[in-house]
Amino acid sequence: MLLARVLRPAAAALALRPLHAPLRLGAPCLPAALAPAAAAARPFTRSLWLPSRDGLLRPPHTSPSLACTCGGLHTEGDKAFAAFLTDEIKEEKKIQKNKSLPKMSGGWELDVQGTEAKLVRKVAGETISISFNINNSIPPSFDEEGQEEQKPNEQEPELTSTPNFVIEVTKDDTKQTLVLDCHYPEDEIGHGEEEESDIFAIREVSFQPAGDSEWRENNYTLNTDSLDWALYDHLMDFLADRGVDNTFADELMELSTALEHQEYIRFLEGLKQFVKCQ
């Protein structure tokens, strides 16, 4: 219903990232206690996005081939690019841990439309829906200095998708929907020793008309930054009673990571076909 709500925090998060940090250079460092749960993470192999790869992305300029009937420009560089993409796709498929999307426990029904996904569950007169978008869901985990210190034989970091997500709770006998804008806070890194630490957080809470596809900005929105902790804890308990807890958040990361990897491979395949003009 309110999936567009996810994009606003994501855009804000991107704006805060250092300009020098590449978009796809690693995965967030999850707390040590969460490492086993994030089973869907995969080794980083996206060499396509590295600025320097021995000239693979910057082949010498050559004369275009006129043999193709599609009317497009074809060069030796295009041929090298397509060959590189072929190898890249093979490597990504080789490390793909989930050929199909993993199931969520708790009776959640999944609907996927491209990069957008929605989970729905009905419990005792209530409908709980959770929407997220996997675009820009893999933040960089280290800066340029970290890259320079990395040894050639050192294992690459793994990629894990941690998307913002919107929870909507609608009671059947009301015309209001309680909307909670949630995210995986990066400042939870280093809190892994705290057994009761929540791995996701509520950012904003609002009431919206049930069934409305547009977010009403004139409805009051509660920002949790200055919220009383007792009220915040009750909100988290409210979600846990409806199946949205740390276990759910772990499974959501696994699902999102699998979907993001699936879409990444599909993108590479589309890019290869575009370069080859097929």
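Stick to the Cα atoms of segment 207-278, pair each with every other, and give me the Kirkwood hydrodynamic radius in Å at one decimal. Please report the intermediate quantities before stating the final value.
Values: mean 1/r = 0.0605 Å⁻¹.
This gives a value of 16.5 Å.
Report the calculated FRET efficiency for residue 225 and residue 110 (r = Cβ-Cβ distance, R0 = 30 Å), to the nearest 0.05.
On the way: r = 31 Å, r/R0 = 1.05.
Taking R0 as 30 Å, the efficiency between residue 225 and residue 110 is 0.45.
No lab work stands behind these numbers, since they all come straight from the coordinates. For clarity, every value in this text was computed on a predicted model and none was experimentally measured. Heads up, the Cβs are rebuilt from the backbone with ideal geometry, glycines too, and the neighbour counts pull from every protein chain shown.
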